Amino acid sequence: RKRIGVLTSGGDSPGMNAAVRAIVRVAISRGCDAYAIFEGYEGLVNGGDMIKKFGWADVRGYLAIGGTLIGTARCASFRERKGRLSAAYNLIKNGIDALIVCGGDGSLTGADVLRSEWPGLLEDLIKEGRITIEEATRFKHLTVVGLVGSIDNDMSSTDITIGAVTSLHRICEAIDSISSTALSHSRAFVIEVMGRHCGWLALMAAVSTGADFVFIPERPPISDDWESEMCETLKKHRDLGKRMTIVIVAEGAIDKNLDPIRPEYIKKLLTDHGLDTRVTTLGHTQRGGKPCSFDRNLATIQGVEAVQAVLRATPDTPSPMIGIRENKITCEPLMKAVELTRQVAEAIAQKDFRRAMDLRDPEFSE
Ligand code: ADP
């Protein structure tokens, strides 16, 4: 009888609750026990009442609620072996032999580190007299499965992450609201959107709202005179009769020297070109609110697959990450996806933007 623990970690994203609900209920219906681990890795390191057995009714109402009801945290102690030793102890004391983590690449890396250290952690716990040899034998293997919860859609090897589409909806609604006032006053707005080092939210928002210009990290403006060229483009749109101007700046937007492109700088350029310009930073409204039906479905289907992956796992299979590609749920080695994600950051740091774009999304970059 498997005992499956679930935690949400890193930045919250809408749909994480739906994932937890699916995992708990499918686990129960497959004859397993389900445990919620509260506050991400904090709960795993601290144990006690931060790890709680969940029944069917404990996740009632979870589908429609944004964020994560079991909490999330950034946990410094889990980055240290000592913290992971406590985590291993708490898992064993609760009888948990499988861990499903819903989070970003950092969280998934952490889970894989725990699994790879597992035999050594057991040895240390025996040495310290905290667990018995019988317990170590019974919990010889830890199964780890990853789900990607992130509004940024910044994970390689999967087309879309849990929460990104809801966040995009929020951004589009906000830009629509801004558009009505921009149109009334014939103004320009420079809008900063989230996404960390990924331009997906900014790019999709630009397409969805018909923005005039967008800056994303994967494709910085390469011309030496991009400022004038941008202003020229915006002027052309105005000359065609457009009464407003929308420029979207991803929070990770950079120029070809890797220097950040700041909304205030764009505002200055636009103002100098005679446009009455305002800056709006959308901020945390982008993370919040009800998950859209896509994220509820995605999280549910992936949650089901995560439990199935736990039940299929053998000691030799690498920890899998549940993704989606071309509308099919995928299950591939977690560290391969993390490594590809790391390569994107590396390509950007080396100013190889073409490669970054290819790694992000080969089809889009064409
Ligand atoms: P995200 O999961 O959204 O990428 P973070 O990178 O902040 O967010 O990671 C969330 C948590 O995962 C961290 O606070 C830490 O507890 C754990 N974590 C991240 N990277 C590692 C790592 N290399 N080793 C161990 N734990 C890690």
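The values are calculated or read from the model by the stated rules, or taken from the named source; none is laboratory data. Bear in mind that the values here come from a model prediction, so they are computed numbers and not experimental data. Ideal geometry is used to build each Cβ from the backbone, glycine not excepted, and the neighbour counts take in all protein chains shown.
May I ask you to verify whether residue 151 is surrounded by 17 or more Cβ atoms within 10 Å (Cβ to Cβ) and away from the ligand (no atom under 11 Å from the Cβ)? The answer is no for residue 151. Say whether the condition of being buried (at least 24 other Cβ atoms within 10 Å of the Cβ) and within 17 Å of residue 66 (Cα to Cα) is met by at least one residue in the stretch 189-197. Within the stretch 189-197 (the criterion being buried (at least 24 other Cβ atoms within 10 Å of the Cβ) and within 17 Å of residue 66 (Cα to Cα)), the answer is no, since none of the residues qualifies.
Among the listed residues 146, 103, 95, which satisfies the condition of being modelled with pLDDT of 95 or more, in contact with a Pro (Cβ under 8 Å, 6 or more places away or on another chain), under 28 Å from residue 300 (Cα atoms) and of a type in the set (Gly, Ala, Ser)? It would help to see each step written out before you state the result.
On the way: 103 fails: in contact with a Pro (Cβ under 8 Å, 6 or more places away or on another chain); 95 fails: in contact with a Pro (Cβ under 8 Å, 6 or more places away or on another chain).
The conditions single out 146.
Within the stretch 198-228, the residues that satisfy the criterion of being of a type in the set (S, T, N, Q) and either touching a residue at least 12 places away in the same chain (Cβ under 8 Å) or under 19 Å from residue 169 (Cα atoms) (or both) are 208, 209. For residue 56, the criteria (1) more than 12 Å from the ligand (Cβ to nearest atom); (2) crowded, with 16+ Cβ neighbours inside 10 Å; (3) aromatic (Phe, Trp, Tyr) hold in every case but one, which is (2). Residue 156 falls short on exactly one of the conditions (1) modelled with pLDDT of 95 or more; (2) farther than 21 Å from residue 20 by Cβ; (3) within 15 Å of the ligand (Cβ to nearest atom); (4) in a loop (DSSP other than H, G, I, E, B), and that condition is (1).
Kindly indicate whether any position in the stretch 127-139 is under 20 Å from residue 337 (Cβ atoms) and either within 16 Å of the ligand (Cβ to nearest atom) or polar (S, T, N, Q) (or both). Taking every residue of the stretch 127-139 in turn, none turns out to be under 20 Å from residue 337 (Cβ atoms) and either within 16 Å of the ligand (Cβ to nearest atom) or polar (S, T, N, Q) (or both).
Looking only at helices (runs of 4 or more DSSP H) that fall completely inside the stretch 66-152, which ones have 2 or more residues that are of a type in the set (Val, Ile, Thr)? Spell out the reasoning first.
Values: elements: 81-93, 105-127, 133-138.
Counting at least 2 such residues, we get 105-127, 133-138.
Cβ-Cβ distances below 9 Å connect the following pairs, each with a first residue in the stretch 72-95 that is within 12 Å of the ligand (Cβ to nearest atom), a second residue that is among the basic types (Lys, Arg), and a separation of six or more residues or different chains: 77/84; 78/84. Here is the figure for the stretch 21-50: residues that are in a helix (DSSP H, G or I), surrounded by 19 or more Cβ atoms within 10 Å (Cβ to Cβ) and away from the ligand (no atom under 16 Å from the Cβ) total 7.
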